[in-house]
Amino acid sequence: MSISANSPAEKVEDIESAAKAFESLFVNELLKSMRKANEVMMAGSDLPMMSKDTQFFHSMFDSQLAEHLSANGGLGIAQALIRQLGD
């Protein structure tokens, strides 16, 4: 089924869903880059926060944080996309 066959309400819902998913992905990549920069600065450190297990849990936390932020207003990227694509 093509997008043009959807009702206007379904189009708006699809745009909102895609915009929130994009924002979630963007925020997740942003957080991942921030963690990576921190890892580079802490390279060679024996701190417990630098273990593979901790890095794994940070990754899971960042994914959930990104989803939560985008679902609750986030950085405003989703709203900007909705305004642009809704026209």
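The values are calculated or read from the model by the stated rules, or taken from the named source; none is laboratory data. Please read these numbers as outputs of a predicted model, since none were measured by experiment. Every residue, glycine as well, gets a Cβ built from its backbone with ideal geometry; the counts of neighbours run over all protein chains shown. Note: areas computed on protein heavy atoms with side chains; ligands, DNA, RNA excluded. Shrake-Rupley method; radii C 1.70, N 1.55, O 1.52, S 1.80 Å.
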Item to check | Any hit, segment 67-87, residues being of a type in the set (D, E, K, R), open to solvent by less than 70 Å² (accessible area, probe 1.4 Å) and either modelled with pLDDT under 85 or not in a loop (DSSP other than H, G, I, E, B) (or both) | outcome: no
Item to check | Selection count where residues are in contact with a Ser or Thr (Cβ under 9 Å, 6 or more places away or on another chain) and not charged (D, E, K, R), scope segment 48-67 | outcome: 3
Checklist entry - In segment 21-60, which residues are within 20 Å of residue 82 (Cα to Cα) and open to solvent by 80 Å² or more (accessible area, probe 1.4 Å)? => result 22, 25, 26
Next on the checklist: Looking at segment 5-22, can you tell me whether even one residue there is basic (Lys, Arg) and in contact (Cβ under 8 Å) with a residue 12 or more places away in the chain?
Outcome noted: yes
Item to check | Top-ranked residue in segment 16-66 [being at pLDDT 80 or above and of a type in the set (Val, Ile, Thr); ranked as nearest to the chain's Cα centre (by Cα)] | outcome: 27
